[in-house]
Amino acid sequence: MNSGNGILGWFKSVARVWAREFRLVFGDMGVMIFFFILPLGYPIIYTLIYNTEVIRDLPIAIVDHNRTPESRELARMIDATSALEVYDYCADIPSARRLSNEKKVFGVLEIPADYAKKIGRGEQTQVTYYADMSLLLRYRAALGALTDVQLSLGDNIRGETIDNLGIVAQSLGGNSISNDAVFTGDPTQGFASFIIPGIIVLILQQSMVLGITMIAGGVSERRRRNNGYDPMSVYAPAGATMIGKTLCYLVCYVPMTLYVLHLVPMMFSLPHVGNIWHSFMFILPMLLASAMLGQFIGVFVTERESSMLVVVFTSVVFLFLSGLTWPRYAMSPFWTLVSDAIPATWGVEGFIRINSNGATLAEESHPYVMLWMLTGIYFVVAYVLHRISFGGKKTESYGSVSKI
């Protein structure tokens, strides 16, 4: 009977903490902003910024030292591409550099004086492209366009050479090898389609951690004002407290998750070929791990404003460690280990494959298992810290000062 009463009392403690946490969330405008407004607004703002997707008609300058029909044909072919636009012809490199410094052009193509002569002799000629590397998207667009022009021009020159030798070019059956690029997951090769699916996962983690640590800071502040007592406290075992809080955060984030993972890609025509339920089931352990991570960090937060410092410090670091800007396999073992401890790292990796490439939950079993492992690890660590902080007694609040 005592055992049954103990179990029933434990579940009642979970329910009390759950209800109290809802009151804290919806009674604090700062927490509501981080739990609801931030996930609602940030994905739209980021997507609107990056929704240009690809670079079109990038202005470049041409320095033509050859001034022959062959060099003018090269310039016309470059101007005909969708990525590049010939903004101006310059007499020399210093003139082109002035245009680049004024940001009127973002690249300079220099055609050598012996360009037509070498082509006529059947020799290899070389043109030089000076790229503005302030934005790698511009460099990628220019490089792709110049490569296409080079291949097309090479085919034309080879065909004319064969014709001059008296061989019918059509009888050769065209190129020996035909190239066809297929961009899986991002068919438009757009920047928003590439980065936004990962950013929205990071937003879910950071907004939750920010809100949880702000609640923890508020608890500590109320205790200091009331000589170690929190008037909004609900006394319960540490495990029941953590479970109750986590259930509250999970209920708040279920609609936010469906909105961020499903509606935002649909609104902006971003890749979303995966099964939405696979995506949600995959993100579920990431939300749990983020909730446990927030409660772990919350033990050390003593002021509401400290939560801002936590998120500002970690957001950029977590973005780089997620593998979006630099692949994780190219990181050093130390930083790979650090990134393994971040729930959003595995969330970004698995969600992008499910959302953009149509992978199933079974195919993303490794990041899925890692998220559940992080959930368990952070739960144990946060539980131990709570027990140490409060001497194993029943309490639900964060901080180093409490009244038992």
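For region 208-250, the set of residues classified as farther than 15 Å from R16 by Cα and among the aliphatic types (A, V, I, L, M) consists of M208, V209, L210, I212, M214, I215, A216, V219, L250, listed by residue number.
Residues in region 121-135 that are over 16 Å from I62 (Cα atoms) and either part of a loop (DSSP other than H, G, I, E, B) or in contact (Cβ under 8 Å) with a residue 40 or more places away in the chain (or both): G122, E123, Q124, T125, M133, S134, L135. Quick one: which residue in T241, T213, T246, T161 is among the hydroxyl-bearing types (S, T, Y), outside the structural domain of G294 (by TED's automatic domain parsing) and either in a helix (DSSP H, G or I) or at pLDDT 85 or above (or both)? Residue meeting the stated conditions: T161.
Checking each residue in region 100-124 for being over 22 Å from E85 (Cβ atoms) and surrounded by fewer than 18 Cβ atoms within 10 Å (Cβ to Cβ) picks out P112, A113, D114, K117, K118, G120, R121, G122, E123, Q124. Scanning region 340-387 for residues that are hydroxyl-bearing (S, T, Y) and either in contact with a Pro (Cβ under 7 Å, 6 or more places away or on another chain) or under 23 Å from T246 (Cβ atoms) (or both) yields T345, S356, Y368, T375, Y378, Y383.
When A61 is tested against the conditions (1) over 32 Å from the mean Cα position of the chain (by Cα); (2) of a type in the set (G, A, S); (3) surrounded by fewer than 19 Cβ atoms within 10 Å (Cβ to Cβ), the lone failure is (3). Given the structure, is L258 surrounded by fewer than 19 Cβ atoms within 10 Å (Cβ to Cβ), touching a residue at least 40 places away in the same chain (Cβ under 8 Å), part of a helix (DSSP H, G or I) and among the aliphatic types (A, V, I, L, M)? Answer is no for this residue.
When R138, R72, R97, R76 are checked against the criterion of being under 22 Å from R56 (Cβ atoms), surrounded by 15 or more Cβ atoms within 10 Å (Cβ to Cβ) and among the charged types (D, E, K, R), a single residue qualifies: R138. Is one or more of the residues making up region 228-236 surrounded by 21 or more Cβ atoms within 10 Å (Cβ to Cβ), assigned by TED's automatic domain parsing to the domain that holds N355, modelled with pLDDT under 80 and outside any helix (DSSP H, G or I)? Scanning region 228-236 turns up at least one residue that is surrounded by 21 or more Cβ atoms within 10 Å (Cβ to Cβ), assigned by TED's automatic domain parsing to the domain that holds N355, modelled with pLDDT under 80 and outside any helix (DSSP H, G or I). Contact map, region 356-385: first residue assigned by TED's automatic domain parsing to the domain that holds A289 and within 28 Å of F191 (Cβ to Cβ), second residue in a loop (DSSP other than H, G, I, E, B) and of a type in the set (A, V, I, L, M), Cβ cut-off under 6 Å, separation 6 or more or different chains; pairs are G358/V273. Among the conditions (1) over 28 Å from S233 (Cα atoms); (2) part of a helix (DSSP H, G or I), L361 misses just one, which is (2).
Taking helices (runs of 4 or more DSSP H) as the structural unit, those lying wholly within region 12-115 and holding at least 2 residues that are within 29 Å of S193 (Cβ to Cβ) correspond to 38-50, 69-80.
In this entry, E53 passes the filter for residues that are surrounded by 15 or more Cβ atoms within 10 Å (Cβ to Cβ) and modelled with pLDDT under 90. For beta carbons closer than 9 Å, sequence separation of 6+ or different chains, a first residue in region 82-111 that is closer than 24 Å to T125 by Cα and a second that is part of a loop (DSSP other than H, G, I, E, B) and acidic (D, E), the qualifying pairs are A83/D57; L84/D57; E85/D57; F106/D132; G107/D132; V108/D132.
The values are calculated or read from the model by the stated rules, or taken from the named source; none is laboratory data. None of these values were measured; they are calculated from a predicted model. Counting neighbours? That spans all protein chains shown, and the Cβs are built from the backbone with ideal geometry, glycine included.
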